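Notes for the one structure printed next.
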Amino acid sequence: MELAAALKKLEEALAEHYGWSAHPYLREMVNAAVAIKAKRLGIAPIEYSQIAAGSQSELLALVEETATSDSYFFREPEQFDCLRERVLPELMLGHPPGGKLRLWSAACSTGEEAYSLAIAFHQAKTEESKQEVEVFATDVRNRALLEASQARYRLASVRELDEQTLERYFEQTSRTTVMPLDKFYTVVPDIRRVVTFRRVNLLDRLFWKGVAGRFDLIVCANQLLYLHGTAARQMIVNLTNSLREGGYLMVAPSEINLINSSRLIQGVDSPSFFRRLI
C-alpha cells in the first residue's frame, strides 16, 4: 500500500468516528501530525497511518494533535453584542425568577468561548433579572479541556477585551522564567464556577439522548464547516433537538448557509443566529 492510500484509509476512519471531511486544512494538519508521530515512534508514516486507522485510541491521539484552532475571548464581537443586547435578555424574560438559563459551548476548545458566554450573561443581567446561568462546555480533546479547566490565558486569548472587562473578569499574574516575563490572565472564580467541562464526541448517538430539549442557547461555531455532508446534516438536527422551544443556535458567520430553515428552526434578524420554533 502506498502512503497516499494509507492516508486515505485514515481519513475514512476519521470521517466515520469524528465526522471529519477531507477539508484541505484538516488534511494538511493530519498529514503533518502523521509525519511527526511516525518519526517519534521510529516507524514509517505509512505504517503509522495503518495503525491509527485501525485503533480508536490512536485516532483520538491524532485528533489531539490536529484539531487545533485560534480561540480567543469574544471571537465574533458582533455576535456577542447581539447576545448581550438581545438574545440573553429575551431568554431571561422567558424564565421564572430563580430559574437557570442553560447555555452550551458545543466545541469549546481551550475554554475561551465558554467563559465568554458566562461573562456575556453577567454583563447582560440587570438588577431586575433574578435568573442564574450554567454553561455546559464540551470538546473531544482531553488536552484542550485540561487547559480550559485551568482558566489561565496568555495575552493572545484576551487581545480583543477592553481594560474594564479585563479588570472585572480576570486576575493578572506574572511568572519569571528563562524567557522574558510571562503575563497570565486567570478567569475570576464567580465566572469559573458556572462553567462545567466534559469530554464529548459529538458523533456519539447516546450522548444526544440525554440532552434533548435541554438548552436555551447552543454555540457551535467553526465545526460544521469541517464535517462531511452527512455528519453536518445530522449535527444540525441534533443541535436543534437539544434546544428548548424558543432557544437559540449560534454558528460561525461562515456556516450560515449550511443551515436550512425548517418548521423546527429558522434564521432570525441577527448575525448567525437561528431559533427553534416548536
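The values are calculated or read from the model by the stated rules, or taken from the named source; none is laboratory data. What you see is a predicted model, and the numbers here were worked out from it, not measured in a lab. All Cβ positions, even for glycine, are placed from backbone atoms using ideal geometry, and neighbour counts span all protein chains on display.
Please state which one of VAL158, VAL87 is closer than 27 Å to ASP269 by Cβ and touching a Phe, Trp or Tyr at 6+ places or on another chain (Cβ under 9 Å).
VAL87
Please specify each residue of segment 233-278 satisfying the condition of being surrounded by 19 or more Cβ atoms within 10 Å (Cβ to Cβ) and hydrophobic (A, V, I, L, M, F, W, C).
MET235, ILE236, LEU239, LEU243, LEU249, MET250, VAL251, ILE259, ILE265, PHE273, PHE274
To keep it simple, each residue is scored yes or no on (1) closer than 23 Å to VAL251 by Cβ; (2) assigned by TED's automatic domain parsing to the domain that holds ARG192; (3) modelled with pLDDT of 95 or more; (4) aromatic (Phe, Trp, Tyr).
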position: LEU26; (1), (2), (3), (4): yes, no, no, no
position: ALA32; (1), (2), (3), (4): no, no, no, no
position: LEU88; (1), (2), (3), (4): yes, yes, yes, no
position: LEU103; (1), (2), (3), (4): yes, yes, yes, no
position: ILE119; (1), (2), (3), (4): yes, yes, yes, no
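What number of residues within segment 145-175 satisfy the criterion of being touching a residue at least 40 places away in the same chain (Cβ under 8 Å) and under 19 Å from ASP70 (Cα atoms)?
Residues that pass the stated criteria total 11.
Return the only residue of ALA44, ALA67, ALA38, ALA53 being within 28 Å of GLY267 (Cβ to Cβ) and either at pLDDT 95 or above or buried (at least 18 other Cβ atoms within 10 Å of the Cβ) (or both).
ALA67
Inside segment 135-223, counting only strands (runs of 3 or more DSSP E) that do not spill past its ends, which hold 1 or more residues that are among the charged types (D, E, K, R) and closer than 23 Å to ALA124 by Cβ?
Qualifying strands (runs of 3 or more DSSP E): 170-175, 215-219.
Every residue in segment 122-154 that is within 24 Å of GLN79 (Cα to Cα) and either in contact with a helix residue (DSSP H, G or I) (Cβ under 6 Å, 6 or more places away or on another chain) or of a type in the set (Gly, Ala, Ser) (or both), please.
Matches in segment 122-154: GLN123, ALA124, SER129, GLN131, VAL133, VAL135, ALA137, ASP139, ALA144, ALA148, ALA151.
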